[in-house]
Amino acid sequence: MKIGIIRCQQTEDMCPGTMDFKVIREKKCAFEGIEEDIEIIGMVSCGGCPGKKAIIRARDMVKRGADTVVLASCITRGNPIGIPCPHATIIEESIKRQVGEDVQMINYTH
């Protein structure tokens, strides 16, 4: 599995992605049950509210080899401070339309 991770730009200042990398490495949380090796193609931000750049960035990571786009938990669950992105649903739906059905989506990390 080759993944491209999209994270919340506003969360970058308080979270270095440590837990995201840990659950991927240990195949826990959203990655539990994945048998194959997981390679991180890239980790980018959404580009800031309302997250329009996330769609283009997801498409670019797919062009660079990602077969799965992952929305980090800072977007969908509001980790680490508990405030999820109000645009998370539309970002996810827009990415799915842009990258197509052959690309898997995971909508959280931990």
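The values are calculated or read from the model by the stated rules, or taken from the named source; none is laboratory data. Just so it is clear, the structure is predicted and the values come from calculations on it, not from any experiment. Cβ sites come from the backbone with ideal geometry, for glycine too, and all protein chains shown count toward neighbours. The accessibility values were calculated without ligands, DNA or RNA, using every heavy atom of the protein model including side chains. Shrake-Rupley method; radii C 1.70, N 1.55, O 1.52, S 1.80 Å.
Across segment 32-110, the mean sequence separation of Cα contacts (distance under 8 Å, 6 or more residues apart), normalised by length, yields a relative contact order of 33 percent.
Annotation: amide H of Ile40 within the under-5 Å range of Ile3, sequence separation 5 or more or interchain, hydrogens built in the peptide plane. Round to a whole number: what % of the accessible area of segment 19-110 belongs to carbon and sulfur, probe 1.4 Å? Carbon with sulfur: 48 percent of the solvent-accessible area. Taking the Cα atoms of the chain, the ratio Rg/Rh between the radius of gyration and the Kirkwood radius comes to 0.93.
With all protein chains in place and ligands, DNA and RNA left out, the 1.4 Å accessible area ranks Met43, Met105, Met61 as Met43, Met105, Met61, largest first. Of the residues Lys52, Lys96, Lys63, which exhibits the maximal mean-square fluctuation in a Gaussian network model of the chain defined by a 10 Å Cα contact cut-off? Among Lys52, Lys96, Lys63, the largest GNM mean-square fluctuation belongs to Lys63.
Each stretch of four or more DSSP H residues adds -39500 (n - 2.57); spread over every residue of the chain, this sum gives -9500 deg cm²/dmol at 222 nm. A simple charge model with +1 on the Cβ of Lys and Arg, -1 on the Cβ of Asp and Glu and nothing else charged puts the dipole of the chain at about 360 debye relative to its Cα centre.
Surface calculation, 1.4 Å probe, protein heavy atoms: Ser45 sits at approximately 10 Å² accessible.
Protein heavy-atom accessible surface, 1.4 Å probe, per residue over the chain: 56 Å². Taken along the Cα-to-beta-carbon direction at a fixed 7 Å, the label points for Lys22 and Glu36 span 2.7 nm. Largest GNM mean-square fluctuation among Arg59, Arg25, Arg77, using the chain with Cα springs under 10 Å: Arg25. Among Ile38, Ile81, Ile91, which one shows the biggest mean-square fluctuation in a GNM of the chain, springs joining Cα atoms closer than 10 Å? In this elastic network of the chain, the residue with the biggest mean-square fluctuation among Ile38, Ile81, Ile91 is Ile81. When the chain is described by a simple charge dipole with +1 on each Lys and Arg Cβ and -1 on each Asp and Glu Cβ, the residue from Gln104, Pro86, Val70 located farthest towards its positive end is Pro86.
Exposure check, 1.4 Å probe, all protein chains in place: Val62 carries approximately 40 Å² of accessible surface.
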